[in-house]
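Notes for the one structure printed next.
The values are calculated or read from the model by the stated rules, or taken from the named source; none is laboratory data. Keep in mind that this is a model prediction, so the values were computed, not measured. Here the Cβ is made from the backbone with ideal geometry for all residues, glycine too, and neighbour counts use every protein chain on show.
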Amino acid sequence: MRYSKIVGTGGYLPPTVFTNADWEKRVDTSDAWIVERTGIRSRHIAGPDESASSMAAIAANAALEQAQCVAKDIQMVIVATGTPDKIFPATACLVQKKLQIPPCIAFDVQAACSGFVYALSIADQYIKSGAVSRALVIGSELMSRLIDWNDRNTCILFGDGAGAVVLEASETPGILSTHLYADGNYDELLYVDNVQLGDHSGVIPGVAANENFNIPLNKLHPYIQMQGQKVFKLAVSKQGELVHEIQEKHHISSEQIDWLVPHQANERIIKATADKLGFSMEKVICTVATHSNTSSASIPLALNVGVRDGRIKKGQTILLEAIGGGLTWGSALIKY
Ligand code: UT7
């Protein structure tokens with residue numbers, strides 16, 4: 001049986017750290033509120049010259065180095081991002097160029113905070129089918145460019161960064177299974193409008209001027225809009241369902257799972273998910289305090305932290321879980 005296996009991880013966090021005290025100076029908030037409601041203490045903010053592709057390339061290089069492979073070994077690049085450098089080409093193509101990876105499959109995945117789990121699942125299918133032998137799977141986000149810096153409800157929650165893994169064909173497991181879901185009926189709970197598409201003023205050929213599809217800019221929200229409490233409740237319930245689905249499919253008890261690496265949005269959501277699994281927080285890789293919510297980068301960044309500080313060891317069983325805009329949600333059970 002052919003599996004795909006993670007053979008290298010890498011991460012990148014921009015050097016500028018923005019603390020809760022820094023937010024106190026900008027909006028009506030407090031360190032005490034942010035820590036109590038979210039567990040976040042600081043976040044990294046990208047500089048003006050950084051982009052999703054520049055951060056992704058640094059994280060990917062670190063993963064390649066750990067995997068002991070070079071650019072020409074890679075046959076597929078997937079970047080999960082909601083903050084691409086450009087509408088097109090895909091950020092994956094820009095990463096391919098930066099790393100000088102020869103012609104291969106390269107594309108972006110947009111599944112908000114679940115993006116990395118989606119991308120991992122796609123790469124896993126390609127490797128299992130025999131179509132490719134080695135893939136770079138990356139989550140990279142510039143959330144600081146998507147927040148309204150004056151909206152205390154959302155601005156304090158997010159940060160920037162990138163995480164990457166090298167996925168390689170293997171005769172031993174490997175990714176054991178992935179489970180992906182989306183329900184577009186929840187689209188209004190968490191979204192950012194595409195201002196660019198609402199801003200065109202040209203008449204579409206063949207369409208009468210009075211039937212023009214222009215959407216006035218002032219009706220669009222170029223920054224993150226979130227109904228926090230509703231998302232919170234769905235995050236806890238959907239992530240609980242994912243845990244049970246994995247346990248039933250693999251007849252695996254909580255004791256047989258060594259690490260939970262969840263999406264890092266809110267420490268209270270992570271604790272509630274750990275509780276459902278019967279996990280103590282000692283078995284959870286939790287980076288939300290210093291990374292905050294980096295959307296699709298949060299899981300590969302946390303995974304990289306756990307691997308590099310020696311907590312996650314070869315042969316251990318790891319559960320990844322995410323939920324985000326869409327709504328999208330998903331999980332992956334991995335033998336590391
Ligand atoms: O990554 C994708 C998935 N995203 C998530 O999973 C996020 C899910 N949601 C959450 O994590 C939480 O809902 C938040 C952290 C966003 C908010 O926490 P909450 O406990 O649900 O607070 P709330 O929205 O119910 O607000 C409670 C109060 C409100 O004041 P009133 O109306 O009670 O007077 C807010 O205006 O807290 C106020 N508030 C703040 N106060 C100080 C909201 N933001 C702030 C703030 N500082 N930054």
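Are any residues in the range 222-245 within 15 Å of Ala112 (Cβ to Cβ) and more than 14 Å from the ligand (Cβ to nearest atom), and if so, which ones?
Listed by number, the list holds a single entry, Tyr223.
Taking the condition more than 16 Å from the ligand (Cβ to nearest atom) and either over 15 Å from the mean Cα position of the chain (by Cα) or within 16 Å of Ala332 (Cβ to Cβ) (or both), does Ala111 pass?
Criteria not met by Ala111.
Ser298 - would you say it is without any contact (Cβ under 8 Å) to a residue 12 or more places away in the chain, within 16 Å of the ligand (Cβ to nearest atom) and closer than 26 Å to Ile156 by Cα?
Taking the combined requirement at face value, the residue does not satisfy it.
Note down all Cβ pairs under 8 Å where the first residue falls in the range 235-250 and is farther than 16 Å from Ile318 by Cβ, the second is modelled with pLDDT of 95 or more and part of a helix (DSSP H, G or I), and they're at least six residues apart or on different chains.
Pairs that qualify, where the first residue is farther than 16 Å from Ile318 by Cβ and the partner is modelled with pLDDT of 95 or more and part of a helix (DSSP H, G or I), are Ala235/Ile269; Val236/Ile269.
In the range 14-60, which residues are surrounded by fewer than 16 Cβ atoms within 10 Å (Cβ to Cβ) and among the polar types (S, T, N, Q)?
Correct list: Thr16, Thr19, Ser30.
With the requirement that a residue be buried (at least 24 other Cβ atoms within 10 Å of the Cβ) and of a type in the set (A, V, I, L, M, F, W, C), what does the range 286-302 give you?
Val288, Ala297, Ile299, Leu301, Ala302
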